[in-house]
Amino acid sequence: MDKKRRDKHYIIFEILGVAKDGILKTQIMYRANLSFTQLNDYLKFLVNKKIPLLEKKIVGDKEVYQTTKEGIEYIKVYTKIAEMLWPEQLLDVKFGSITPYPNSLKVPYANSLTVASEKIE
């Protein structure tokens, strides 16, 4: 099996995709196929940016991570770039069930994404 390395931008895309409806830290780790160390590095980076792409909330006694409006915008921009760079491939990211890059690139259409209760068009 020919597995290509994922670049940082794609990993961020995966994390933001699986977290769009809110998700636990361990679920991000498994769904984005990251080690615990990698996960913590990415979460720290995404939550603590000047314009955060990911938001950490406490729900009950659990930490839940959810993609922000800016994170949804990142998904849209990454999708457009992927379409331009790899038009013959499909970016198959069914949020929560990710097919590894770049085997088949099927771009998720951003008009169906939502942040919390707000529809993004």
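The values are calculated or read from the model by the stated rules, or taken from the named source; none is laboratory data. Predicted model only: the values in this text are computed from it and were never measured. When we count neighbours, we look across all protein chains shown, and the Cβ atoms used for this are built from the backbone with ideal geometry, even at glycine.
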Mind checking which residues of the range 1-38 are under 17 Å from Lys57 (Cβ atoms), outside any loop (DSSP other than H, G, I, E, B) and either touching a helix residue (DSSP H, G or I) at 6+ places or on another chain (Cβ under 9 Å) or of a type in the set (Phe, Trp, Tyr) (or both)?
Ile15, Leu16, Val18, Ile23, Lys25, Thr26, Gln27, Ile28
Only one of (1) at pLDDT below 90; (2) of a type in the set (Gly, Ala, Ser); (3) in contact with a helix residue (DSSP H, G or I) (Cβ under 8 Å, 6 or more places away or on another chain) fails for Ser112. Which number is that?
(3)
Filter the range 42-64 for residues that are of a type outside the set (Gly, Ala, Ser), over 18 Å from Tyr10 (Cα atoms) and out of contact with any Asp or Glu (no Cβ under 7 Å at 6 or more places or on another chain) and give the result.
Asn48, Lys50, Glu55, Lys57, Ile58, Val59, Asp61, Lys62, Glu63, Val64
With the structure loaded, tell me whether Lys80 is among the basic types (Lys, Arg), loosely packed, with under 14 Cβ neighbours inside 10 Å and in a helix (DSSP H, G or I) or whether it fails that test.
yes
Residue ID - surrounded by the fewest Cβ atoms within 10 Å (Cβ to Cβ), chosen from residues in the range 54-71 that are in contact (Cβ under 8 Å) with a residue 24 or more places away in the chain and assigned to a helix (DSSP H, G or I):
Lys69
Within the range 88-97, does at least one residue satisfy the condition of being in a strand (DSSP E or B), at pLDDT below 90 and more than 20 Å from Asp7 (Cβ to Cβ)?
yes
Confirm whether Glu14 is surrounded by 14 or more Cβ atoms within 10 Å (Cβ to Cβ) and without any contact (Cβ under 8 Å) to a residue 24 or more places away in the chain.
no
Which of (1) without any contact (Cβ under 8 Å) to a residue 12 or more places away in the chain; (2) in a loop (DSSP other than H, G, I, E, B) does Ile51 not meet, given it meets every other one?
(1)
